[in-house]
Amino acid sequence: MTADEQVAEPAEDAQTLTEHLSELRTRIIRAALAVLIGMVVIIALYDQVLEFLKQPYVDLCTSKSEEFCDPNLFITSPTEGLSTRIRVGMYGGLIVALPVILWQIWRFVVPALHAKEKKYAIPFVVSSIVLFAAGGALAYITVGRALEFLIGWAGEDVGELFTVSSYISLIGLMIFAFGVGFLLPVLFVFLQLVNVVTPRTLLKSWRYATIGVFILAAVITPSGDPVTLMMLALPMLFLYFVAIFIGFLVLRKRPKEA
C-alpha cells in the first residue's frame, strides 16, 4: 500500500447513523451527569465560592472612597437568594465538569478521525482546560477594572446598589466568555490537523482575523466596556498567531511523509 493510500484510508470504527445518534445520546448524558455533580459540589460550598467571587469588587471598594461603591451585595426579592445559589451552582458545575465535557466531545469526534488525529486526544483536552482556566483567571482579574470603569461613568451624584444576582451574572458570564474565547486557538489547531485550513491560509487572513476577534470580543463581553474588550481581544489575537505557529510545527513533516 502506498503512502497516498494510507492517507486516504477511511477512519476506523465507522458507525451507522443509528449508532452515531446512540453514541451522541450517551455522551450528552455523561456530560450532563458531570455538570449535575459539579453543581451539587458548588452549591454545597456556596458561601466560600461567593466570597471568592466577591473579592474583586470588595478590593475595588476598599481601594476607593466610601462614596464610590458599597462592598456589600443585596437581594431585592425573597426568591433572589435561592435563584442566585442555583445560578452559581450552574456556572460552577459547568466549569468543574469541563474536563469530562471536553473528553466526551473528543470521544464523539474520534470515530470520524484517522489514527494520526486520534493521538492528539490528551493534548486537546489538557490544552483546552489550561486555556479555559487562563481565560477565567484573566476575567477574574479584569472584573475589578471593568466595574471601576462602569461605576465611574454613572456620575458623581449617583449612588450604586448592586444585587447579588446581577453581580454573579456579570462575573459568571465574564469568566465563561473569557474561557470560551481562549479556546479558539485549540479549534484552529484542530482544523489545521484535519486539513480543513492550512497555516499559510490563516496567516494570510490575519487582517480579517483581527477584525473578527475584536467583533467576537465585543459580542461575548457581558459588560460591554472597552477595558474588558481589550483585555479579551488582545490575548485572543496573540493566541491566534500561536495556533498558526503550532500548525507550522506539527504539519511541517507531512509533505515528507507523503
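The values are calculated or read from the model by the stated rules, or taken from the named source; none is laboratory data. Since the structure is predicted, the reported quantities are computational estimates derived from the model, not experimental observations. For neighbour counting, all protein chains shown are included, and Cβ atoms are generated from backbone atoms with ideal geometry for every residue, glycine included.
The table below lists the values:
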{"read-out": "Failed item in (1) surrounded by 14 or more Cβ atoms within 10 Å (Cβ to Cβ); (2) over 17 Å from G136 (Cα atoms); (3) not charged (D, E, K, R), with L161 passing the rest", "value": "(1)"}
{"read-out": "First in the range 160-179 and in contact (Cβ under 8 Å) with a residue 24 or more places away in the chain and assigned to a helix (DSSP H, G or I), second anywhere and crowded, with 20+ Cβ neighbours inside 10 Å and among the polar types (S, T, N, Q), Cβ under 6 Å, 6 or more apart", "value": "V164/T84; S165/T84; I168/T84"}
{"read-out": "Test: residue in the range 144-156 that is closer than 30 Å to F248 by Cβ, in contact (Cβ under 8 Å) with a residue 40 or more places away in the chain and either surrounded by fewer than 18 Cβ atoms within 10 Å (Cβ to Cβ) or not small (G, A, S) (or both)", "value": "no"}
{"read-out": "In the range 123-143, residue surrounded by the fewest Cβ atoms within 10 Å (Cβ to Cβ) [restricted to those that are aromatic (F, W, Y) and closer than 21 Å to Q104 by Cβ]", "value": "F124"}
{"read-out": "Tally, over the range 148-176, of residues that are within 21 Å of the chain's Cα centre (by Cα) and of a type outside the set (S, T, N, Q)", "value": "9"}
{"read-out": "Boolean, R145 is assigned to a helix (DSSP H, G or I), among the basic types (K, R) and either closer than 25 Å to P235 by Cβ or touching an Asp or Glu at 6+ places or on another chain (Cβ under 8 Å) (or both)", "value": "yes"}
{"read-out": "Check on L249, exposed (fewer than 14 other Cβ atoms within 10 Å of the Cβ), in contact (Cβ under 8 Å) with a residue 12 or more places away in the chain and hydrophobic (A, V, I, L, M, F, W, C)", "value": "no"}
{"read-out": "Per-region count, the range 172-213, residues within 12 Å of A243 (Cα to Cα) and of a type outside the set (A, V, I, L, M, F, W, C)", "value": "5"}
{"read-out": "Total residues in the range 180-206, condition more than 23 Å from I95 (Cα to Cα), in a helix (DSSP H, G or I) and touching a residue at least 60 places away in the same chain (Cβ under 8 Å)", "value": "1"}
{"read-out": "Count of the range 133-159 residues which are modelled with pLDDT under 75 and within 11 Å of Y57 (Cβ to Cβ)", "value": "0"}
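For (1) buried (at least 19 other Cβ atoms within 10 Å of the Cβ); (2) modelled with pLDDT under 85, each residue gets a yes or a no:
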| site | (1), (2) |
| --- | --- |
| Q6 | no, yes |
| E12 | no, yes |
| I29 | no, no |
| D59 | no, no |
| E67 | no, yes |
| E80 | no, no |
| G92 | yes, no |
